[in-house]
Amino acid sequence: MHALGVRLGRVLRAGDLVILTGPLGAGKTTLTRGIGEGLGVRGPVQSPTFVLARTHPSLVGGAPLVHVDAYRLADAGELDDLDLDFERSVVVAEWGAGLVDTRGSWLELVIERPLGDAAPAGDTEAEDIDWSEAPVEARRVTITGTGPRWAEETL
């Protein structure tokens, strides 16, 4: 997810909107960290869950990254209240489908995380797993560009 984000970050520019959809643990924030690295912004890029939005200024003279967690927003009006600079920033909105996709162009990434054989709760063997040694789960990412910005862009 991080490597995909780096590749995207190198293509994104001021005014771009990226909407991320996927279940908890799918890699939305990891992807956004990669986007931040590709853009060359100041980090660390962390989940904005409790602050709703974080701005990461560019370290290389490019567009800043605005990272939004729209999960707790009721509607697009609450998003407008955040007074985000959509025109001069790259805005990445986790859980933003339906709230920020009213703009002329946006890129939507839907992340699917396959559910493997999960151990039942209380399984002591599962509790003893060293997750730092666990294999990385595959993700399926569907990228859809909407609007004139993405009509001819190749990712």
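Within segment 25-72, the set of residues being among the β-branched types (Val, Ile, Thr), more than 12 Å from the chain's Cα centre (by Cα) and buried (at least 22 other Cβ atoms within 10 Å of the Cβ) comprises just one member, Val41. May I ask you to list the residues in segment 47-83 that are of a type in the set (A, V, I, L, M) and under 20 Å from Gly5 (Cβ atoms)? Ala53, Leu59, Val60, Ala63, Leu65, Val66, Val68, Ala70, listed by residue number.
All of the numbers you see were taken from the coordinates with simple rules; none came from a lab. Keep in mind that this is a model prediction, so the values were computed, not measured. Positions of Cβ are backbone-derived with ideal geometry, glycine not excepted, and every protein chain shown enters the neighbour counts.
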